[in-house]
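Asks: There's a structure below that I have some questions on.
A short reminder: the numbers here are calculations on the coordinates, not readings from a lab. In this text the structure is predicted, and so the values were computed from the model without any measurement. Quick reminder, even Gly has a Cβ in these numbers, built from the backbone with ideal geometry, and neighbours come from all protein chains shown.
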């Protein structure tokens, strides 16, 4: 007995752990998208979203105005603090320089406490003349620079002098030294830890300057009529197929079941031609009609299955009392079928909201008519392929509404799925 | 006119028109054509009863006929003509297509999809359904695994770009490789296996569907059969494979075929992830390459898909008829 009980707990631990693992695997991709959509775009390119809670090392470019310049021979010097010199850097709040440099090529060439600078090397040519060339190096702040004996091409170095150099301390204090007068503000690069930067800037940009708001409204415009209209048509048909006796009923039900699996692809070319011929063309009206047609088999099938299961007594006693079919349908069957209507409404809503194929074919291809899926697939993935923050925000805008509907009405969705699969 | 206003008007016209049609046609039938108050009012009521189903059915049948039945014929007919649609070329579109390397790749990949995706989604769905069955927080776990069902294929593709990206600061796979010291790779450009990386996205979406249905089926198994097995000394694995799975085999087949049908329709994932490059084309995306450019070819591809789906359609119809009798 003890052994059996022991087995059971170990089995349940294994079960719990594997379910946790599965759920994590399922969630991680979506969490990545969600987190990335709120991150600053520079931080996204520096560290992965899984490290987004930690400070990010970001390179800043600072150009301090030369103030209080002193002169020593040909060398001009001024000093100050890099964090107070730039609004952008001081806004980040953190006061720790982890590396610095004087070129954008290598913004973290030296560590705080060192001096980094550009030397002018005087090298002798084989023909006896001399030449000058740049040489970048770092040296201890209290020390002196050293130059190599020969340059890259193997020419001997005769002499050198400092062209420009900067000493930066970890707290941002710096001293700039330059050969000759300091005409304009020098450029210093520092790498400093920036605290995690979360915000709505990606959403703001995608909604204001990228026309995603327009696409959102278009999606909504496609979805709502395409959800409501088929329900009504299907409900009447489902009632006839469930509760009215007539020849050919069995055949029609079989036909609806068969049409459930007809691939949409077949309908695209002939219907677009038809729409063009009757003057609808590529338009919202066209896509509403198309979605209505494509959604009907499932709608009729789901609603009929549900209506058949309604208690026969209620319907027959209503008929005995003199109610017509029309009254039975509107007063009794329709209200009782609410759960099935809700199931189908959710299906159709999710399907039309998420659809790309039908929208690409039946809507005009100009940018004013793009729905969100088309906007993301045809526009953003191309033009903003590397802009992950914008892409993430756009994707999240497009999946937010379905997710809300999903979590709010999951009960009906599950019920519909169970009724919709042919047993 | 703004699309919103247009949409509102359409809802009003559509819904109002439907209600109006049903109401008016019934009224006309009862009051004008077959009024029950004349001499032969019994016969008139019977006649009205015979006609009424067709009033209820007419809009739906019309829409179904126009949007789903006509295209089967219309597509096939169009596929017999050349690109411009003026010249009848018989099965010319089909023969050139079958001879083409790209089409054969698409068919081959589509077969891979049609095997792997339903198998993996059904298996994982069954696994999750069984594991969460007796779990206290099973419903939360299920609802989280079910969640991708609500996400569009395009959205899901974008989500998975954050997994597959070849920048180790964006893509998780390459981040892991980076930690292990391996060079970053682009999973979507690895020949042959890139197909499977795309399939994973659809498996991720469809597992929830399989799970919901199979979970309900597992709950429907009579307790006595399981109790009897426990008394006979069966271990949990034997109970699962020898008692439970055989009893829900019918449902497993339904889930499997439903996902198979879906696989043959989904073009969004390939379209958004690779655009059909790197030998990842499947039939639906192959068709979209020709849509708007060569309708003859596009309809021929669509018809090939239809023929692949046909056996499932016949099977579904037979099941439905069996159920009704």
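Asks: With viscosity set to 1.002 mPa s and temperature to 20 °C, compute the Stokes-Einstein D of the stretch A:220-270, Rh being the Kirkwood radius across alpha carbon pairs; µm²/s, no decimals.
Replies: For these conditions, the coefficient is 163 µm²/s.
Asks: Stretched out fully, how many nm does the piece from residue B:224 to residue B:323 gain, at 0.36 nm a residue minus the Cα gap?
Replies: My answer for the length gained is 33.1 nm.
Asks: Just want to confirm a number: the relative contact order over chain A, from Cα pairs under 8 angstrom separated by 6+ residues, in percent.
Replies: Once divided by the residue count of chain A, the mean separation gives 19 percent.
Asks: Using all C-alpha to C-alpha distances in chain A, build P(r) with 10 Å bins and read off the rounded percent in each one.
Replies: Going out from 0 Å in 10 Å bins, chain A shows 4, 14, 16, 15, 13, 11, 9, 8, 5, 3, 1, 0, 0 percent.
Asks: Turning to a different aspect of this structure: What would the Debye formula give as log10 I(q)/I(0) at q = 0.15, 0.17, 0.18 Å⁻¹ for the alpha-carbon point model of the stretch A:254-349, no solvent?
Replies: Log10 I(q)/I(0), no solvent term: -0.75, -0.86, -0.91.
Asks: Provide the FRET efficiency to the nearest 0.05 for the residue A:181-residue B:19 pair, computing r from the beta carbons and using R0 = 56 Å.
Replies: 0.05
Asks: Okay, next question. Send over the Kirkwood Rh of chain B, from the inverse of the averaged 1/r over different Cα pairs, rounded to one decimal Å.
Replies: 24.5 Å
Asks: Then there is this: How large is the helix-only mean residue ellipticity at 222 nm for chain B, computed as the sum of -39500 (n - 2.57) over DSSP H runs with n ≥ 4, divided by its residue count, in deg cm²/dmol to the nearest 500?
Replies: Rounded to the nearest 500, it is -22500 deg cm²/dmol.
Asks: By how many degrees, 0 to 90 and rounded to 10, does the Cα axis of helix A:212-243 deviate from the longest principal axis of chain A?
Replies: Around 20 degrees separate the two axes.
Asks: Tell me the label-point distance for the pair residue B:46, residue B:88, using the 7 Å Cα-to-Cβ offset, in nm and rounded to one decimal.
Replies: 4.9 nm
Asks: As I understand it, the value is the acute angle between the Cα axis of helix A:284-308 and the longest principal axis of the Cα atoms of chain A; what does it come to in degrees, rounded to 10?
Replies: On a 0 to 90 degree scale, this one is about 50.
Asks: Something else now. What is the order of A:375, B:242, fewest Cβ neighbours within 10 Å to most?
Replies: Sorted ascending by nearby Cβ count, the order is B:242, A:375.
Asks: Given springs between every Cα pair under 10 Å in a Gaussian network model of chain B, which of B:66, B:283, B:198 has the largest fluctuation?
Replies: The residue with the greatest mean-square fluctuation here is B:66.
Asks: Further question: Mind running the shape call on the stretch A:34-136? Use the C-alpha gyration tensor, a ≥ b ≥ c as the square roots of the eigenvalues: rounded below 1.5 for a/c, prolate if a/b tops b/c, oblate otherwise.
Replies: It comes out oblate by the Cα gyration axes.
Asks: Projected area of the protein assembly as shown, taken from the Cα convex hull and averaged over every viewing direction, in nm²?
Replies: Computed as one quarter of the Cα hull surface, the answer is 48.8 nm².
Asks: Treat the stretch A:26-74 as a sphere of radius equal to its Kirkwood radius over Cα pairs and apply Stokes-Einstein at 10 °C in a medium of 1.306 mPa s; give the translational diffusion coefficient in µm²/s, rounded to a whole number.
Replies: For these conditions, the coefficient is 113 µm²/s.
Asks: Can you tell me the 0 to 90 degree angle between the C-alpha axis of helix A:388-408 and the longest principal axis of chain A, rounded to 10?
Replies: For A:388-408 against chain A, the angle is about 30 degrees.
Asks: 222 nm [θ] for chain A, helices only, -39500 (n - 2.57) per DSSP H run of 4+, per residue, to 500?
Replies: The helix-only estimate for chain A comes to -16000 deg cm²/dmol at 222 nm.
Asks: Let me check against my output: what whole-number percent is the relative contact order of the stretch A:56-195, with C-alpha pairs under 8 Å and at least 6 apart?
Replies: Across the stretch A:56-195, relative contact order equals 40 percent.
Asks: Could you work out how far apart the two model spin labels at residue B:140 and residue A:277 are, taking each label as a point 7 Å from the Cα in the direction of the beta carbon, and quote it in nm?
Replies: 5.8 nm
Asks: Give me the Å³ per residue figure for the convex hull around the C-alpha atoms of the stretch A:354-423.
Replies: 123 Å³
Asks: Based on the Cβ-Cβ distance of residue A:106 and residue A:367, what FRET efficiency does E = 1/(1 + (r/R0)^6) give at R0 = 56 Å, to the nearest 0.05?
Replies: After rounding to 0.05, the efficiency reads 0.85.
Asks: Also, quick follow-up: Quick one: compute the contact order of chain B, relative version, from alpha carbon pairs under 8 angstrom and 6+ residues apart, as a percent.
Replies: So the answer I get is 23 percent.
Asks: Okay, next question. Of A:79, A:18, A:283, which is the most mobile in a GNM of chain A whose springs link Cα atoms less than 10 angstrom apart?
Replies: The residue that fluctuates most here is A:18.
Asks: Next question. Taking R0 as 60 Å, what's the FRET efficiency between residue A:404 and residue A:69 from their Cβ-Cβ distance, rounded to 0.05?
Replies: That gives a FRET efficiency of 0.50.
Asks: Specify the residue with the greatest mean-square fluctuation among A:203, A:76, A:189, computed from a Gaussian network of chain A linking alpha-carbon atoms under 10 Å apart.
Replies: Most flexible of the set in this elastic network: A:76.
Asks: Oh, and also: With label points built 7 Å along Cα→Cβ from the Cα atoms of residue A:18 and residue B:6, find their separation and express it in nm.
Replies: 5.3 nm
Asks: Hey, could you grab the Kirkwood Rh for the stretch B:107-161? Inverse mean 1/r over distinct alpha carbon pairs, Å, one decimal.
Replies: After inverting the mean inverse Cα-Cα distance, the result is 13.1 Å.
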